[in-house]
Every structure is written in C-alpha cells, then in structure tokens.
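A.B. asks: Before I ask anything, here is the structure I am working with.
None of the figures in this text is laboratory data; all of them are computed from the coordinates on show. Keep in mind it's a predicted model, so treat the numbers as computed, not measured. Please note: Cβ atoms are built from the backbone with ideal geometry, for glycine as well, and neighbour counts cover all protein chains shown.
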Amino acid sequence: MIDRRHLLSLAAAGAALPLLPRLALAEAGALRIATLKFGSLSWLLDTIANDKLAETAGVRIVPVEVATNQAGPIALLAGDADVIVSDWTWAMRQRSLGQALQFRPFSSTLGSIMVAKDGPIRTLADLEGKRLGVAGSAIDKTWILLRAYSRKMLGRDLAESATPVFGAAPLVAEELKNGRIDACLNFWTFAARLEGAGFRPLLSADDMLAKLGVEPVPPLVGFVWKEETARTKERELAAFFKAVDEGSRILVTSDAAFERLRPLMRANSDAEFFALKAYYRSGIPKPWGEAQTAAAEKLFNLLVQLGETELVGGTRFDAKLFDGARVDK
C-alpha cells in the first residue's frame, strides 16, 4: 500500500512521477485529473471535451497522464493531481493513515473469471487442479473475494486447490489466449476484450459479492480527492461532477459517441469493441445512498475477517469517506 514513507521513498528515487506537469495548485477554475492514456476514464474525459461539457459546467479540466494505475494515487498524495480514480478500499486505508480523502463512484463493473468458450471448465469446481491466472498480486481484492467465495461454495480455498499464477493484467490475458493457463481472473476491461476474442465469463466479482451477502454490490472504483480540495475548489468539483454525469448520460444513450471513441478504445475487432461498450455501460453507477454505504461496510468487514489489513487497514469503517458521493445526506 502507498503510505507517506513509501511515497517519500519513491519521490527520493525520482521514479514516482517523471512525466507529471507541475501545475499551480491554486489555479482558479481548473482541476487536474490523473488518467491513464487508454484507460476507461480517458473515454469519459474525451467525451466531456468533445461535447464541451466542462466549459458548460464552468470548470477547466487538465488531464494529467500517468503511466500506471499505481501512479495515480502517488500523484494525489504528492499534490500533483486534484482528482484520481482508485478503489475506495485504498482510500479507506489512506484515511486510517491520516489522509482525509473523499470518494464518489466511477464504475461498478468488476472483474471476472474468463475461460475458453467451449472448454472443459463449466463450474467453479472445475478449476481445481488447474492453472488460474490472476491479474495483480496475492492481495488483489478480487482474488481475496474469490478465495472467500470458494471456501463458502466448495468448502475449499482455491489458493490451495488450484494453482494461481499472478501477473500483470495484459500478461495473464495473453497467457489464457495462448493456452498456457486454464482460466484467468482479470479486470473488467481485459475480461471484455477476452469475451470479444471468443472467451466467456465463468463467474463475475458481482456474483461473488452477492453470494457473500454484500448487496447491493457497491461500486469499488471511483473518483478520489482530498477534503482540502473540497474546501478550496468546491465550485470546480461540483462543476466537474456535473460534466461527468452528463458525459455518462451521453455514453449510455449514444452509439455515435462510442464510435468516435473507437480509436481510443483500441479494440481489435467489432466483437471486442461491442463487449467493451457493453461492459462500460453496465458499470455506470447508480446514485450512492445509505444502502451502498451499508454494503460497503459489509465488504470492509469481510475483508477484515479475511485478515486483509494491507487492503483496508486495521481500523474501523469510516463512512465519512463517502460523504461526497451520497445523495441522501
């Protein structure tokens, strides 16, 4: 996890943010948004720019391109970005370390286990004795949830009954395509690409959470910003989220908007493009209310029970993280 000590060590090594522009924090009317060049957030930001939604709302969006998902949180904590997209589990952990952060959902789409469409793996039990690629590391939240789910449904931990193979999301996707692993648990964008390439989902993280009693399934990925930014740039944040909501509405209703985004999506086929579009649309979150906060607390407590303090910290659940998201305040 990224804490102050880790952040300082990265900065001292000169490796944390080599390409980030140093923009004045107090620049009036602007927000710096950290984004991966080809990530799904870039699709939304491109739509906002194309339709001049930020100008209409009254804010100037300054995209801050980062090279990896890990660079976004570093940018936020270092003061090089005002808003990032990250998991609320990470943001909750940072609150326990003294960083007053806020969260608002961006996507409710989670990862899935992907298998060959006509292959022998038809149920979770069929993964026993098989090589299962896992995007990320042994503390990836979806892998932890899968282990809990397998213990509940099969009475056995897949970490022991299958052979997990951890790696970067693109790598495990390619390993599945090349037949070097039997299945892979991957993030939604790679699951969509695999579906477009002829693979099929065996089990989604949404299904796991529902069977584990976490309902309604709370979006895990969202916009994260400092409470200090909420105080100093309240108007800009409100305008930005107004543009986000309008951009999301356009992407839900307009096929032409996605056609324009097609080069940015880097789809290798029509099937992959349509899968990416469908996954993205299904993940545009509903408004966050008390039920979502309660479900997030259930998930937090589940992770604590599983001993995953690296993900959520050893502290109590702090509902104030979601104050910037709730519609029933």
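A.B. asks: Decide, for the stretch 186-329, between rounded, prolate and oblate: order the square roots of the alpha carbon gyration tensor eigenvalues as a ≥ b ≥ c, take rounded if a/c falls under 1.5, and otherwise choose prolate if a/b is larger than b/c, else oblate.
C.D. replies: Values: a/c = 2.26, a/b = 1.24, b/c = 1.82.
Note, shape of the stretch 186-329 comes out oblate.
A.B. asks: Which pairs in the list K298/K320; K233/K298; K233/K277; K117/K152 are over 22 Å apart, alpha-carbon to alpha-carbon? Don't skip to the end; give the middle numbers.
C.D. replies: Details: K298/K320 15 Å; K233/K298 32 Å; K233/K277 32 Å; K117/K152 26 Å.
Beyond 22 Å between Cα atoms: K233/K298; K233/K277; K117/K152.
A.B. asks: Oh, and also: Using the Cα centre of the chain as the reference point, and only Cβ charges (+1 on K/R, -1 on D/E), how large is the resulting charge dipole? Debye, rounded to the nearest 20.
C.D. replies: Details: 41 positive and 39 negative charges, 33 e Å.
Once rounded to the nearest 20, the dipole reads 160 debye.
A.B. asks: Follow-up. Build a GNM of the chain with springs between Cα atoms under 10 Å: which of S269, S204, S42 gets the top mean-square fluctuation?
C.D. replies: Evaluated over the chain, the most mobile residue of the options is S269.
A.B. asks: Shape of the stretch 112-211 from its Cα gyration tensor (a ≥ b ≥ c, root eigenvalues): rounded if a/c is under 1.5, otherwise prolate when a/b > b/c, or oblate? Write down the numbers at each step before the final one.
C.D. replies: Details: a/c = 1.40, a/b = 1.34, b/c = 1.05.
Rounded, since a/c falls under 1.5.
A.B. asks: Sticking with this structure for a sec: Over the chain, what relative contact order in percent results from Cα pairs under 8 Å that are six or more residues apart? Could you put the intermediate results ahead of the total?
C.D. replies: Values: 546 pairs, mean separation 85.4, N = 329.
That works out to 26 percent.
A.B. asks: Have a look at the DSSP beta bridges in the chain and tell me what percent are antiparallel, nearest 5.
C.D. replies: Values: 19 of 36 bridges.
Expressed as a percentage, antiparallel bridges in the chain total about 55.
A.B. asks: Under a cut-off of 14 Å between alpha-carbon atoms, report the aspartates and glutamates in cross-link reach of K242, not counting same-chain residues fewer than 8 places apart.
C.D. replies: D51, E55, E234
A.B. asks: Once Lys and Arg get +1 and Asp and Glu get -1 on their Cβ, which of L203, I84, P63 lies farthest toward the positive end of the dipole of the chain?
C.D. replies: It is I84.
A.B. asks: What order do you get for 195-201, 90-96 when each peptide is scored by the mean count of other beta carbon atoms within 10 Å, highest first? Working shown, then result.
C.D. replies: On the way: 195-201: 17.7, 90-96: 21.1.
Answer by packing, highest mean first, reads 90-96, 195-201.
A.B. asks: Now a separate question. Restricting to bridges with both residues inside the stretch 112-211, how much of the DSSP beta-bridge set is antiparallel, in percent to the nearest 5? Please report the intermediate quantities before stating the final value.
C.D. replies: Values: 8 of 16 bridges.
So the antiparallel bridges in the stretch 112-211 amount to around 50 percent.
A.B. asks: For the chain, with the dipole built from +1 on Lys and Arg beta-carbon atoms and -1 on Asp and Glu ones, taken about the Cα centre, which of A238, T189, T253 lies farthest toward the positive end?
C.D. replies: A238
A.B. asks: Okay, helix-only estimate at 222 nm for the chain: each DSSP H run of n ≥ 4 adds -39500 (n - 2.57), divide by all residues, round to 500 deg cm²/dmol; what do you get?
C.D. replies: Working: 16 runs with 157 residues, N = 329.
When only DSSP H runs of four or more count, the value is -14000 deg cm²/dmol.
A.B. asks: May I ask for the distance between the Cα centers of the stretch 86-120 and the stretch 159-199, given as a whole number of Å?
C.D. replies: Their Cα centres are 18 Å away from one another.
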